[in-house]
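> The structure follows.
Bear in mind these aren't lab numbers, they're just calculated from the coordinates by the rules spelled out. Note that the structure is predicted; figures quoted are calculated from it, not measured. All Cβ positions, even for glycine, are placed from backbone atoms using ideal geometry, and neighbour counts span all protein chains on display.
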């Protein structure tokens with residue numbers, strides 16, 4: 001299979017270059033209106049780009065030094081769900097500002113008792129005329145202290161089975177009754193937050209999809225989340241990546257230690273495998289398919305890859321790897337030290353590595369659930385090989 005992209009004469013490349021000549025320093029709004037922030041989305045939000053077209057646009061924007069707006073949860077998770085199931089009014093109101101990075105979004109899914117097992121969520125939304133009254137607590141909510149909107153899961157039928165009776169809402173973060181408490185990490189920053197919702201009133205018009213049918217939409221969001229968290233930089237799409245580290249090593253004259261050389265080679269191999277898996281994922285999304293188990297495969301690999309990058313960067317720095325500030329990502333002094341301290345979170349956020357492996361085992365390999373409820377025995381016990 002040929003994974004090389006079309007050359008400079010491709011008319012799709014030429015169209016992007018012509019646009020960049022007319023818009024040499026485009027704003028987020030200009031990029032969004034041109035359909036270049038999420039090219040695979042349907043028009044007018046994207047350009048209905050197929051996988052190759054999308055990659056060409058991404059490559060030309062990078063070549064022109066143009067960075068798309070930063071709104072990872074809005075563009076990567078909330079937006080695709082609204083495109084999939086939102087009303088026309090919801091699309092018209094939210095998608096363009098979301099793509100332009102004018103309104104940041106957060107995700108109000110995880111709870112103290114419902115993290116990887118999200119279906120155990122306890123936050124309640126009780127219907128009261130044209131509004132829902134929401135009470136509950138969310139945790140590990142990225143960007144909540146800055147977000148204008150959040151995508152919220154709440155239980156609307158407490159009598160239903162745990163995967164039923166859940167509804168999906170667009171929650172304005174400035175609504176009375178919402179309290180955000182940042183959680184300071186060992187990196188010295190506060191990426192995550194606790195969010196308390198007390199008698200928060202959300203209009204029925206802000207519900208996405210049918211009442212009590214939000215679990216299916218949550219799976220759409222989580223599939224896109226796993227795609228988004230496993231793309232771009234090593235830290236869930238942010239920060240430096242393997243190629244950045246390899247470039248630094250080359251610029252410094254390389255390394256002679258055979259073990260370090262092997263680890264660097266392994267990083268390159270992992271990076272290439274992830275790039276090829278990403279092509280498969282992009283293809284599925286452009287065909288209109290929901291992200292499937294391949295999103296879990298890529299997230300498993302990408303999270304561990306990010307930890308490998310940061311661990312090797314620390315080792316290459318020698319004693320200096322124990323020093324350095326915890327400045328924001330993108331600052332040369334703080335990026336690697338911050339990344340090393342943050343990297344343990346990679347295999348937890350967005351669904352732990354263990355949960356992702358269960359998804360792959362059941363949906364790809366066809367293995368049964370771990371516990372045989374009727375027999376009260378684990379799968380390994382009921383399928384144990386006889387002793388030789």
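> Could you calculate the contour length gain from residue 194 to residue 273, that is, 0.36 nm times the residue separation minus the distance between their Cα atoms, to one decimal place in nm?
Taking residue 194 through residue 273 to full extension adds about 24.9 nm, to one decimal.
> Given 0.36 nm per residue, what is the gain on full extension from residue 30 to residue 67 after removing their alpha carbon distance, in nm?
12.1 nm
> Return the distance in nm (one decimal) between the two label points of a simple spin-label model at residue 251 and residue 22, each offset 7 Å from Cα along Cα→Cβ.
So the two model labels end up 3.6 nm from each other.
> Order 255-261, 120-126, 298-304, 340-346 from most to least packed using the mean count of other Cβ atoms within 10 Å. All intermediate terms of the calculation are to be shown ahead of the outcome.
Numbers: 255-261: 11.0, 120-126: 18.1, 298-304: 22.6, 340-346: 20.0.
Those peptides, ordered most packed to least, come out 298-304, 340-346, 120-126, 255-261.
> Relative contact order for the stretch 1-110: what is it in percent, counting Cα pairs under 8 Å that are at least 6 residues apart?
27
> Apply the a/c threshold of 1.5 to the C-alpha gyration tensor of the stretch 11-63 and tell me whether it is rounded, prolate or oblate.
On the way: a/c = 1.84, a/b = 1.15, b/c = 1.60.
Since a/c reaches 1.5 but b/c is at least a/b, the shape of the stretch 11-63 is classed as oblate.
> For residue 15 and residue 280 in the same chain, what is the full-extension length gain: residue separation times 0.36 nm, less their Cα-Cα distance, in nm? Write out the running numbers ahead of the final one.
Details: separation 265, 0.36 × 265 = 95.40 nm, distance 2.49 nm.
Answer, rounded to one decimal: 92.9 nm.
> State the Cα centre-to-centre distance between the stretch 251-271 and the stretch 148-213 in whole Å.
Going from one Cα centre to the other spans 44 Å.
> Next up: So for the stretch 81-215: antiparallel DSSP bridges make up what percent, rounded to the nearest 5?
80
> Measuring from centroid to centroid over Cα atoms, what is the spacing of the stretch 339-361 and the stretch 62-99 in Å?
Here the answer is 25 Å between Cα centres.
> Over the stretch 11-63, what is the mean sequence separation of C-alpha contacts under 8 Å (at least six apart), divided by residue count, expressed as relative contact order in percent?
The normalised contact order for the stretch 11-63 reaches 32 percent.
> Let me ask another. What's the exposure ranking of 357, 155, going from fewest to most Cβ atoms within 10 Å?
357, 155
> Output the peptides 164-174, 69-79 sorted from most to least packed, where packing is the average of other Cβ atoms within 10 Å over each peptide's residues.
Output ranking for 164-174, 69-79: 69-79, 164-174.
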